[in-house]
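Structure first, then comments.
The values are calculated or read from the model by the stated rules, or taken from the named source; none is laboratory data. This is a predicted model, so every value here is computed, not measured. So basically every Cβ, Gly included, is an ideal-geometry build from the backbone, and we count neighbours across all protein chains shown. Surface accessibility is based on the protein's heavy atoms, side chains included, excluding ligands, DNA and RNA. Shrake-Rupley method; radii C 1.70, N 1.55, O 1.52, S 1.80 Å.
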Amino acid sequence: MLTVAIASEFHAYDGELYRYLLERVLGTPVQAWKSEIEFNGCKHVRKQAGLYLNAAAQQGVRHALVAIDNDGGSTHGLPHHPSHDSAQECANERGCRVCWLHSTIPTSWREDPYRSCVVVPVQTLETWLLIAKGHAFTEPSPEQRYHRPVLKKDCFGKPLPSSRDQKRMALDCLQHPEAIKRLSARPSFQAFVDQVNAWKG
Ligand SMILES: [Zn+2]
Ligand SMILES: [Zn+2]
């Protein structure tokens, strides 16, 4: 059983979905490291992830996933590009969230035997869920659907079910036999898979 410190917006929902995806990509059982530190939204993850990872390391954890939604719109939160100037993106309230999260990884976590990955679904985790279940997007690409309430409604219907039911429905989406194949066509998911595959080396 691999223990992974998962810093995500809401441990019981996002955290559980990332744990499941790690299992699928790694092909091995994964458990989330348990901590008293609780996250509540993306700003909180950005602020606390470093602390969280250092605490995990002290308890012998060597694998970590740090994730927030892109939550972008047509005017900001554009996807990460290798040419990004990290300092510039981090100083910008509407800067690249991949750059933000990379900057939260403590120096000690950047070396062997530590393994980490930074995940920013574009636009949100619900986009990934809809892709996984083969939703017919009306936009030219799924990443161009920005409105979070619409994404949630498409995923879970209206009125929104309890958070427990939302998690169950979300896991159902990800368990679709074609889910990983469908998701692999999306750059933000492939970036996640590439990092996790590098853990195996
Ligand atoms: Zn957020
Ligand atoms: Zn970037």
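At-a-glance table
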read-out	value
Heavy-atom SASA rank of T124, T107, T138 (probe 1.4 Å, accessible area, largest first)	T138, T107, T124
Surface share of carbon and sulfur [accessible, 1.4 angstrom probe, percent] for the range 117-197	54 percent
S184 versus A91: modelled label distance in nm, points set 7 Å from Cα along the beta carbon direction	4.1 nm
Stretch in the chain that is longest and holds no GluC sites (Glu not before Pro) that DSSP places in a loop and that have at most 14 other beta carbons within 10 Å	112-177
Fully extended contour minus Cα-Cα distance, from A198 to D172, at 0.36 nm per residue	6.7 nm
Value at 222 nm in deg cm²/dmol, rounded to 500, when DSSP H runs of n ≥ 4 in the chain each add -39,500 (n - 2.57)	-13000 deg cm²/dmol
Amide H contacts of I6 (H built 1.01 Å from N, under 5 Å, at least 5 apart or other chain)	W33, L65
Candidates per trypsin sites (Lys or Arg not before Pro) in the range 26-68, loop by DSSP, up to 11 other Cβ within 10 Å	K34
Most positive-pole-ward Cα, A56, H80, L21, against dipole of the range 1-103 from beta carbon charges	A56
Dimensionless Rg/Rh of the range 6-64 - Kirkwood Rh, Rg from C-alpha atoms	0.96
Of all DSSP beta bridges in the chain, antiparallel share, percent nearest 5	0 percent
Charge dipole (debye, nearest 20) of the chain; +1 at Cβ of Lys and Arg, -1 at Cβ of Asp and Glu	320 debye
Long-range HN-HN contacts of S116 with modeled amide H, under 5 Å	A64
Listed residue pairs exceeding 28 Å between alpha carbons, taken from K34/K167; K34/K200; K43/K153; K47/K158	K47/K158
Cys residues of the chain counted as unpaired, since no other Cys beta-carbon is under 4.7 Å	C42, C90, C117, C155, C173
Inter-label distance, nm, simple model (7 Å from Cα along the C-beta direction), H81/Q59	4.1 nm
Listed residues Y114, Y20, Y52, most fluctuating in the chain (Gaussian network, C-alpha, under 10 Å)	Y114
GNM flexibility winner over the chain from V98, V119, V61 (Cα, springs under 10 Å)	V61
Per residue, in Å², the accessible surface of the chain once ligands and nucleic acids are set aside, probe 1.4 Å	50 Å²
Stretchable slack from Q31 to H44, in nm (0.36 nm times residue separation minus alpha-carbon distance)	2.5 nm
